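Written out below as structure tokens is the structure these notes cover.
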Amino acid sequence: ATGAAAYVPPDADLTQLEAASKRCHGCDLYRHATQTVFGEGPASAEIVLVGEQPGDREDLQGHPFVGPAGRLLDRALDQIGIDRDTVYLTNAVKHFKFAERGKRRIHQPPGRTEIVACAPWFDAELAVVRPRLVVCLGSIAAKALLGQSFRVTEHRGQLFTMPDYQVLTTVHPSSVLRSRDRGKAYADFVADLRRIATATG
Ligand code: URA
Ligand code: SF4
């Protein structure tokens, strides 16, 4: 397996990309996961939100951000007046990586190889959607877009201007759920997301 590029059809729309992604063997993650979880949302979306990889629920249901992190994200978006159905939601890596502990499947962070292998799918999604703003949820997404040395903790809530779109970075909603002071972590997360309005007018 040498990356997803060989599996990405040229000049495809989102439906065709998603169908092709179901057959991707671009890295080894497809072997143990249930299914590819492709991005979802309108091709006309002005905003793309990109997470890390599907979690346990997403893997089973086949849709991004449908588990606990997704519920938190929905609540935060709702709070700033953004309807989840108007944005395009996706992940840097399209298969769930986990370790089995008894009956439980424990999330494992994707490695550099898997992130690079899967990037052609995200590139293809961006090429179709052509958003004004990409919101990176967590450091895996931020590093995939802004480079390995990017530090979310230093730059969260800041807008970066790229040739084709702006980029906003914040923490991953799962980190809010794991935080010791969840109330503050959630408030900080929402404050970062409020910058979306600045970027999209
Ligand atoms: N975490 C992510 O990064 N993406 C999902 O789709 C769900 C949880
Ligand atoms: Fe393909 Fe990405 Fe899944 Fe790896 S994680 S098999 S590159 S879709």
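Computed values, structure above
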| quantity | calculated |
| --- | --- |
| In order through segment 81-95: 3J(HN,Hα) via Karplus (6.51 cos²θ - 1.76 cosθ + 1.60), integer Hz, x for Gly, Pro | x, 10, 7, 3, 6, 9, 9, 9, 10, 8, 9, 5, 10, 9, 10 |
| Theoretical ellipticity at 222 nm over the chain - DSSP helices of four or more residues, -39500 (n - 2.57) apiece, nearest 500 | -11000 deg cm²/dmol |
| Cα Rg over Rh - segment 122-201, Kirkwood | 0.98 |
| Cα-based Lys pair tally, the chain, threshold under 20 Å, eight or more apart or on separate chains | 4 |
| For a label point 7 Å along the Cα-to-beta-carbon line of T198, residues of segment 75-119 with backbone N under 20 Å | 76-82 |
| Principal axis dimensions, segment 45-105 - Cα atoms, whole angstrom, descending | 41, 19, 16 |
| Difference of contour (0.36 nm per residue) and Cα-Cα distance, R151 to D13 | 46.4 nm |
| Translational D in µm²/s for segment 1-106 (Stokes-Einstein at 25 °C, 0.890 mPa s, Kirkwood Rh from C-alpha pairs) | 167 |
| Cβ-Cβ FRET estimate between Q79 and A99, R0 fixed at 35 Å, reported to 0.05 | 0.55 |
| Solvent-accessible ranking of T161, T34, largest area first, probe 1.4 Å | T161, T34 |
| Per residue accessible area in Å² of segment 23-89, where ligands, DNA and RNA are left out and the probe is 1.4 Å | 45 |
| Under 5 Å, built H, 5+ apart or other chain: amide partners of L49 | Y88, L89, T90, V135 |
| Distance in nm between pseudo-label sites at H25 and I106 (7 Å out along the Cβ direction from Cα) | 3.0 |
| Carbon and sulfur %, accessible surface of the chain computed with the full protein complex present, 1.4 Å | 48 |
| Global form of the chain, assessed from the alpha-carbon gyration tensor, a/c cut-off 1.5 | oblate |
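The values are calculated or read from the model by the stated rules, or taken from the named source; none is laboratory data. Remember, it's a predicted structure, so these values are computed and weren't measured experimentally. Counting neighbours? That spans all protein chains shown, and the Cβs are built from the backbone with ideal geometry, glycine included. Just so you know, the surface numbers come from the protein's heavy atoms only, side chains and all, with ligands and any DNA or RNA stripped out. Shrake-Rupley method; radii C 1.70, N 1.55, O 1.52, S 1.80 Å.
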